1. In region 238-261, which residue that is within 23 Å of the chain's Cα centre (by Cα) and of a type in the set (Ser, Thr, Tyr) is surrounded by the most Cβ atoms within 10 Å (Cβ to Cβ)?
2. Pairs needed: first member in region 142-153, under 15 Å from Cys187 (Cα atoms); second member anywhere, of a type in the set (S, T, N, Q) and assigned to a loop (DSSP other than H, G, I, E, B); C-beta distance under 8 Å; at least 6 residues apart or different chains.
3. Hand me the list of helices (runs of 4 or more DSSP H) wholly inside region 154-267 holding 2 or more residues that are small (Gly, Ala, Ser) and farther than 30 Å from Ala131 by Cβ.
4. Got a number for residues in region 119-142 being surrounded by fewer than 24 Cβ atoms within 10 Å (Cβ to Cβ) and either within 15 Å of the chain's Cα centre (by Cα) or within 14 Å of the ligand (Cβ to nearest atom) (or both)?
5. Give the residue that is surrounded by the fewest Cβ atoms within 10 Å (Cβ to Cβ), with candidates limited to residues of region 162-192 that are within 12 Å of the ligand (Cβ to nearest atom) and over 13 Å from the mean Cα position of the chain (by Cα).
6. Looking only at region 111-119, decide whether some residue is free of Cβ contacts under 8 Å to residues at least 40 places away in the same chain and either of a type in the set (Ser, Thr, Tyr) or assigned to a helix (DSSP H, G or I) (or both).
7. Would you confirm, using the coordinates I've provided, whether Ile61 is more than 30 Å from Lys264 (Cα to Cα), of a type in the set (A, V, I, L, M), touching a residue at least 24 places away in the same chain (Cβ under 8 Å) and touching a helix residue (DSSP H, G or I) at 6+ places or on another chain (Cβ under 6 Å)?
8. For Phe99, indicate whether it is among the hydrophobic types (A, V, I, L, M, F, W, C) and modelled with pLDDT under 95.
Amino acid sequence: MNTHKDKTALVTGASDGIGAEFIKILASRGYDLILVARSEEKLNDLAEKMSNEFGIRCSVIVADLSSANAAHDLFHAVEEKGLEVNFLINNAGLLRNGFFTELSLSDQEQMIAVNILALTSLTHLYANKMAATGGGHILNVASLAGWMAIPNQNVYAATKAYVLAFTQALSNEMMAANTGVQITALCPGYTATKMMDNPEQGATLRIPASMMMSAREVAKMGIKGCLAGKDLIVPGIANKFTASFTHFFSKSLLTKLLGSFYRKTMD
Ligand SMILES: NC(=O)c1ccc[n+]([C@@H]2O[C@H](COP(=O)([O-])OP(=O)(O)OC[C@H]3O[C@@H](n4cnc5c(N)ncnc54)[C@H](OP(=O)(O)O)[C@@H]3O)[C@@H](O)[C@H]2O)c1
């Protein structure tokens, strides 16, 4: 039986969407939690609910992961609290849709900073720490978008291609070295969260609700797969089919097809 100290999870992007579902599942499995995002009030509300409902300890760290040194500052804030993380979920991410040169450069830089830089730095800091302290789990949230080049969503898709390739390669590296650190990439397809309908994201992608999975289902499959030692999880049959489908086309043809679909589907 694990004590609470053996089960502490840090979840970035915990204030909403898939992240808010990750924390409910982890709390129900007895994990103490460290919730990270920018929205302090939402995090405090969730922390109170998780502690009351599941009797776990829940800490809140407010952080903008696009800021310089964000990952290092977060790591040190956790150390100062004396907490030992053995499950890290790099979930925070943002999406900007639209024509590349019309989107602001700073928005795109912010997307790269959160989706790639903060995720990589946190993975490095915690993979080292976990390897030195008896192992742990790291779940990096990529996307089905990472399997393809997507016109009008080009930087986002490229950040997720990075997360996918980085995570799968690292997973193999850590396993071959017997570090005891399990690293997993989760590739959701369209998921019903505010990311699909966020006025800050540039153009809106009109995706029918029937094509979306729930955040709960995605989070559940992510945690289950990571704890089961998988290096890669594509949740849902339709998403698995789409992932396989990408192998039947040349990259050029697939990009043309996606360009045409995304231009038609974006307002
Ligand atoms: N929804 C989809 O269709 C879909 C599909 C595939 C992959 N994903 C991936 O799944 C992950 C979660 O997305 P979601 O759909 O749950 O989106 P969401 O509902 O928009 O939630 C995004 C989370 O990231 C946090 N976040 C955003 N910018 C941040 C920053 N600068 N610093 C710290 N936290 C930040 C947000 O919190 P604050 O605003 O409070 O900071 C929020 O908690 C992302 O990595 C996304 O790329 C989503």
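1. Among those residues, the one meeting the criterion is Thr242.
2. Listed by first residue and then by second, the contacts come to Ala145/Gln153.
3. Counting at least 2 such residues, we get 237-245, 251-265.
4. Count: 4.
5. For region 162-192, the residue satisfying everything is Ala192.
6. no
7. yes
8. Yes; evaluated as a whole, the condition is true for this residue.
The values are calculated or read from the model by the stated rules, or taken from the named source; none is laboratory data. What you see is a predicted model, and the numbers here were worked out from it, not measured in a lab. Quick reminder, even Gly has a Cβ in these numbers, built from the backbone with ideal geometry, and neighbours come from all protein chains shown.
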